[in-house]
1. Counting alpha carbon pairs within less than 8 Å and at least 6 residues apart, what relative contact order, in whole percent, applies to the chain?
2. Rounded to the nearest 20 debye, what is the charge dipole size of the stretch 5-113 about its Cα centre when +1 sits on each Lys and Arg Cβ and -1 on each Asp and Glu Cβ?
3. From the Cα gyration tensor of the stretch 5-113, with a ≥ b ≥ c the square roots of its eigenvalues, which class applies: rounded if a/c is under 1.5, or else prolate if a/b is larger than b/c, or else oblate?
4. All other residues with a Cβ under 14 Å from the Cβ of GLU109 taken together, and with Lys, Arg as +1 and Asp, Glu as -1, what is their net charge?
5. Considering the dipole of the chain built from charges on the beta carbon (Lys and Arg +1, Asp and Glu -1) around the Cα centre, which of ILE60, PHE11, ILE30 is farthest to its positive end?
6. Rank THR110, ALA21, ILE42 by how far each Cα sits towards the positive end of the charge dipole of the chain (+1 on Lys, Arg Cβ; -1 on Asp, Glu Cβ) and give me just the farthest.
7. Filter the trypsin sites (Lys or Arg not before Pro) in the stretch 1-68 down to the DSSP loop ones having no more than 14 other Cβ atoms within 10 Å, then list what survives.
8. Counting other Cβ atoms within 10 Å of each Cβ, which chymotrypsin sites (Phe, Trp or Tyr not before Pro) in the stretch 1-105 have at most 10 and sit in a DSSP loop?
Amino acid sequence: MKLDTSKRKKFRVSNKLKKVASKDRFRLSISRSTKNISAQIIDDSKKITLLSASSLEKDIKSGDKVKKSELSKIVAEKLAKKAQEKKITKIFFDRGTYKYHGRIKIFAETLRKNGMEF
């Protein structure tokens with residue numbers, strides 16, 4: 001069966017993560033649309049979502065109009081704060097089909113500044 005380009009990219013990234021995956025780290029999956037960004041920390045061994053943050057949440061969305069890059073920083077800070085409350089510091093960054101560029105890069109750098117290791 002032939003896969004289209006986006007499925008091939010996602011498959012390639014997830015396979016690289018599975019090769020280096022260990023039980024002491026969780027996976028941070030990120031998704032973005034043209035206006036919003038969301039992320040979740042997933043425990044793959046139990047197949048459950050531990051934490052999530054999104055730009056669609058009421059406290060983030062109710063603010064003034066902000067740029068999409070600023071929105072990425074806000075969501076990353078919120079996710080990092082939730083992770084520190086649950087004592088999660090080591091994660092794998094699953095960027096999916098997105099390039100490590102732009103809003104995805106800003107998101108990752110903000111997480112690193114707030115104490116996450118990947």
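The numbers here are math on the coordinates, done by the rules we state, and not lab data. Nothing here was measured: the structure is a model prediction, and the numbers come from that model. FYI the Cβ positions are ideal-geometry reconstructions off the backbone, even for glycines, and counts take in every protein chain you see.
1. 29 percent
2. 560 debye
3. oblate
4. Numbers: positive: LYS73, ARG95, ARG103, LYS105, ARG112, LYS113; negative: GLU70, GLU77, GLU117.
Local charge sum for GLU109: +3.
5. Farthest towards the positive end: PHE11.
6. Comparing the listed Cα positions along the dipole, ALA21 ranks first.
7. In loop regions of the stretch 1-68 (DSSP not H, G, I, E or B), the sparsely surrounded trypsin sites (Lys or Arg not before Pro) are LYS2, LYS23, LYS35, LYS46, LYS47, LYS65, LYS67.
8. In loop regions of the stretch 1-105 (DSSP not H, G, I, E or B), the sparsely surrounded chymotrypsin sites (Phe, Trp or Tyr not before Pro) are TYR100.
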